[in-house]
Amino acid sequence: MSTPATSADGRIRRIFKGLGLVLGGKAGAGLLSLVYLLLATRYLGPTEYGVLVLVHAYVTTVCGIVEFPSWQAILRYGAEADRDGTPHRMARLLRFGACVELIGGALAILAAMALAPLVGPHLGWSAKAQAFAPYYAFAVLGSIRSTPSGYLQLIGRFDLIGLHNLVQPLVRIGGAVLVIACGWGLKSFLVAWLLAAVAEFSVLWGMGLWFASRRLGASLWRPQVGEVRRDNPGIWRFLIASNLDVTLRDLTGRIAPLIVGWVLGPASAGLFAVAQRATVIIAQPAQILGNTAYAELTHIVAEGGSAGQMRQTVGKVAGISLLAAVPVVLVVTFFPHFIVNLLAGPAFAAAATVMIVLVAARAIALVGPPCSAAIASLGHPEQSMAANLFASLVFLPVLPWLLHRFDLMGAGFQAVGQAVVSSLILIVLAWRGSGRLA
C-alpha cells in the first residue's frame, strides 16, 4: 500500500498535470491575447480602449453577480456519483446544474440590458457604445459554461479545457484584423468581442455534451426518476454558498475598473486595464490551479482522507505557486516601462507604476485559491465566502477615496490590502477545517 506521503505526492502531481494541460492552452491564448491587445490599444488609443474595457467590465460584473455557476457542485457531488458508479445520479446532477446555470445566465443578460442605459453615462461611454451596450449583454454567454467545464474536470479532460482557452482570443484577433482593415471603429470591436463570447459558450457546451453523452449514454437524456436533492443532500446550500464565494472573490477584480472609470474617466480605466493585463501571468494560473486542486481535494474527502493529507497537499500547492510567481514579480518590478510599451505602446506609459503594485498583490493572493478549494471540498464554501466578503467590505468602499487621494495608484494600494487580509483569513479557515477529517 502507498504511504500518505506517496499518496499526497501523487495528488500534487495530478493537480499540476491538470494545471499544465490547461496552461498549455492558456499560454497560447496569452500570446494571442497579446496580439489583439497590441492591435486594439494602438488603433483605439487610451480613451476609446478604456470605453471598450468599461463596457466589457460592466457586462462581466453584472454576470458575476447574477449568474449561478454550478461547476463546484458538479465536482463535489459528481465525485461521489463517479465513486459509486451511478450514471443516472450523475445525469440528474448534470441536468440540474445546466438548468440552474442557464436560468441564471438568462437573468444576467436581462439585468445587463436593463441597467446599461443607467450606468453608461456615468462611465463616459460614447453614444455608439451606449446604443450597442444592451446587445453586448449577450457577451454574458462567455461566462455561462461552468457545467461542461466542471464535468470535463471531473473526468480529467483538462487538455480540452486548455484547447478551449484558444477560442476567445482567436475570434478576437480575427475581428480586430477585420475592423482595422476596414477602418471601422469602437462599435465593431464590441461586435468582435461579443462574437468571441458566443463562440466560447458554444464550443465548451459542445465538448461537454459530447463526452457526457459518450460516457453516460441514454441515461444522460432519459435518466431514471429521482430527486436531485435526495441524491445530493445539502446541494442547494452548497450551491448558494459556493456561488457567493466565487462572486465575492472575483467581485473586486471585476468592479475595480468600473470604479476607476467612474471616478477618473475612461482614459484612466484604459491605463488600469493595461496594468491589470500584466497580472494575468499570475492570476490565470492561480485560478486554474484552484480549480484543478479542487477536483483532486474532493476525491480526498470522498475517499475519507486525513487532515494531514489535506494540509500537506494544500501547503505544497500554495508553496510551489508562490515560488513560481517570484520571477514574474521581479521581471515586472525591474522592467515595467518596457512591458507596458510592449503591451500597449507609449501612450499607456502611465500604467507602469501601478502595474508593479497590482502584480505584487496578485502574487500575495496566490495562497487563496488552494485554501478556498480545500474549504469548499470540505463542504463549507460559506466560510470562504465570509472571508472574501469581509475583505471586500473592508477595502472596496475605500477605493474611490484612494483614487481621489493617490490617483490610479490608489487601486494598487487597495489590491494589496485586500490580498493580504483575505489570504490570511483563508489560511486559518483551511487549517481549522481540515482538522475535522480523520
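The values are calculated or read from the model by the stated rules, or taken from the named source; none is laboratory data. This is a predicted model, so every value here is computed, not measured. So basically every Cβ, Gly included, is an ideal-geometry build from the backbone, and we count neighbours across all protein chains shown. What goes into the accessible areas is simple: the full protein's heavy atoms, side chains included, and nothing from ligands, DNA or RNA. Shrake-Rupley method; radii C 1.70, N 1.55, O 1.52, S 1.80 Å.
At-a-glance table
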{"quantity": "Alpha carbon centroid spacing (whole Å) that separates the range 358-389 from the range 58-108", "calculated": "20 Å"}
{"quantity": "For Phe68, solvent-accessible area (1.4 Å; no DNA, RNA or ligand), Å²", "calculated": "50 Å²"}
{"quantity": "In sequence order, calculated HN-Hα J values of the range 318-327 (Karplus, 6.51, -1.76, 1.60; Hz; x Gly/Pro)", "calculated": "5, x, 5, 4, 5, 4, 5, 7, 4, x"}
{"quantity": "Dipole magnitude of the range 178-266, debye to nearest 20 (Cβ charges: Lys/Arg +1, Asp/Glu -1, about Cα centre)", "calculated": "220 debye"}
{"quantity": "Where labels lie 7 Å past Cα in the beta-carbon direction, separation of Glu227 and Val428 in nm", "calculated": "4.0 nm"}
{"quantity": "Cβ-derived FRET efficiency at R0 51 Å, Arg83 paired with Phe406, nearest 0.05", "calculated": "0.45"}
{"quantity": "Percent accessible area from carbon and sulfur atoms, the range 154-220, protein chains only, probe 1.4 Å", "calculated": "69 percent"}
{"quantity": "The chain - accessible surface per residue (Å², probe 1.4 Å)", "calculated": "41 Å²"}
{"quantity": "HN-Hα J in Hz across the range 308-314 - Karplus 6.51, -1.76, 1.60, θ = phi - 60°, x for Gly and Pro", "calculated": "x, 5, 5, 5, 5, 5, 5"}
